[in-house]
1. Which residues, taken from the stretch 179-188, are under 17 Å from TRP249 (Cα atoms), within 16 Å of the ligand (Cβ to nearest atom) and in a helix (DSSP H, G or I)?
2. For the list (1) of a type in the set (Gly, Ala, Ser); (2) within 22 Å of SER82 (Cα to Cα); (3) surrounded by fewer than 17 Cβ atoms within 10 Å (Cβ to Cβ), I need the number of the one condition that GLY430 fails.
3. Between a first residue in the stretch 221-246 that is acidic (Asp, Glu) and a second residue that is open to solvent by less than 30 Å² (accessible area, probe 1.4 Å) and at pLDDT 95 or above, which pairs have beta carbons less than 6 Å apart while being 6 or more apart in sequence or on different chains?
4. Restricting to the stretch 167-178, and then to whatever is open to solvent by less than 50 Å² (accessible area, probe 1.4 Å) and not in a loop (DSSP other than H, G, I, E, B), can you tell me which residue is farthest from the ligand (Cβ to nearest atom)?
5. May I ask you to list pairs of residues, at least six apart or on different chains, whose Cβ atoms are under 8 Å apart, with the first in the stretch 282-304 being of a type in the set (Lys, Arg) and the second being part of a loop (DSSP other than H, G, I, E, B)?
6. When the residues of the stretch 291-314 are filtered to those that are closer than 29 Å to ILE386 by Cβ and either among the small types (Gly, Ala, Ser) or within 12 Å of the ligand (Cβ to nearest atom) (or both), which remaining residue is surrounded by the fewest Cβ atoms within 10 Å (Cβ to Cβ)?
7. Within the bounds of the stretch 147-166, is there any residue that is within 16 Å of the ligand (Cβ to nearest atom) and more than 18 Å from the chain's Cα centre (by Cα)?
8. Considering only the stretch 189-211, I want to know if a residue exists there that is aliphatic (A, V, I, L, M), free of Cβ contacts under 8 Å to residues at least 24 places away in the same chain, open to solvent by 10 Å² or more (accessible area, probe 1.4 Å) and more than 16 Å from the ligand (Cβ to nearest atom).
Amino acid sequence: MNKDLEIFNRIANKLFEAEKQEGVVKPVPFETLKKVLDLDLDCAAIDDDIFEKALTDLVLSTPRTSTTLFFNQLFGGRKGKSSLGELLAVLLNNSMYTYKVGGPMIAVEKNILNKISELVGFKTETLGTIASGGSMTNYMGMMMARDKYDPDFRNKGQQVPLVGYSSIESHYSIAKNAAFCGLGRDNMRYILSDECGKMSMEDLVEQIEKDIADGKRPFFINATAATTVLGAFDPLLEISKICKKYDMWMHVDGAYGGSVIFSEKYKHLIEGAHLADSFTVNAHKMLGTPITCSIIITPHKKCLYDSFSNDASYLYQGDGDDINPGKISLQCGRRNDALKFWTLWKSIGTQGLGEIVNHEFELADVAREYIRSNPDYTLYSFDDSINICFNYKNISPELLCNQLYEEGKLMVGYGKFKGQTFIRLITVNGNNSPKDIEEFFRILEDFAENKN
Ligand SMILES: *Cc1c(COP(=O)(O)O)cnc(C)c1O
């Protein structure tokens, strides 16, 4: 292993150097990978030099999501202390189902969950877990709601005609999860959004009333904080009132924007989150931990057990349920996704996490300011969001994004809202500076001028 760590250090240093010198990588077309990289798996062993060269080439040809020029998705950047935690979690290789195998890491995870519960503002104790991404924590939220409103579902299959609600702008995992839960995709209603991308409360109520009149049983509303394309926050207080009135489960999909709980300045965006029945947040998005670190908490402890526990005498030997989180998790073997968040949080404090969030919003302000003060740009998105959606000089956003990627200049994607397509810049890399944002526009403009 020591020799392998030396290899690790050599490759890591080359990667850091390449990140600095080249930014994002110039992509190798899939058809030519075979020629450029030594990927084949052969019968015989190879010697360490050849192995190291193959691995180095592979690493250096892989998209670099931690550079200042990666704006493609809702994550980016690298937090050293968090990567350190992740590397140690890999070396330790625990599984988080029992205290016997997870040891103090179980307490590390519990501390994170309890602190998040406090920050969201839940008035009663909550219970939670970490799953392999926001799609899966959203799934857990929907499962708990399903089993609460149709307790026989898990044994007998569907008995009650359940219908759920989510904004048309919400994450696609909601539709998949409706299928996974056995509800059927057609039993999720997608509610129109207003002009800023927030779920329309009028349409929501109208649809619920219609479903009730049709003999359906509304059971679940997914509120999004924030949406994938525009970064819009659904009005949680109003949604919670509707959930109360119609006796429905309120799930907050904060996979993306839930991290505003750390910021005094921006937590008002999720006012009412403490009224939720379940709340999810991904630390691997705004907070920059390595992928994945997705948390779900619920004040309905019993629901978490009811939906996810199962006895297994070969696994649960000794220790109570409260320190055997396998009883409340989606999977059996489970990575230690807690440590990388704990190492970051421990090192910079809750305040430091808040500063990361504030900084990302400041970068978004810089970007919007730039766009607003430059007549060659059209802005399509709104304040209080780290998604900046725009077009440049009527140039096709698809074309521009694809060409920038193909030539290895920078990585940014495009999105759609109400029929309009635009470039979607995400200022989610907390390591970036305002200069990096200006550099983004400079590269984009230079590139567009030279291409046209
Ligand atoms: C990213 C995201 C998800 C999915 O999270 P994964 O960790 O990628 O599975 C769900 N909802 C929203 C709003 C997201 O932005």
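The values are calculated or read from the model by the stated rules, or taken from the named source; none is laboratory data. Since this is a predicted model, take the numbers as computed values, not measurements. Positions of Cβ are backbone-derived with ideal geometry, glycine not excepted, and every protein chain shown enters the neighbour counts. With ligands, DNA and RNA removed, areas are computed over all heavy atoms of the protein, side chains included. Shrake-Rupley method; radii C 1.70, N 1.55, O 1.52, S 1.80 Å.
1. none
2. All conditions are met except number (3).
3. ASP234/MET199; ASP234/ALA223; ASP234/THR224; GLU238/MET201
4. The selected residue is ALA178.
5. LYS285/LEU74; LYS285/PHE75; LYS285/ALA255; LYS285/TYR256; LYS285/VAL428; LYS301/GLU125; LYS301/THR126
6. Within the stretch 291-314, the match that is surrounded by the fewest Cβ atoms within 10 Å (Cβ to Cβ) is ILE291.
7. Yes, the conditions are met somewhere in the stretch 147-166.
8. no
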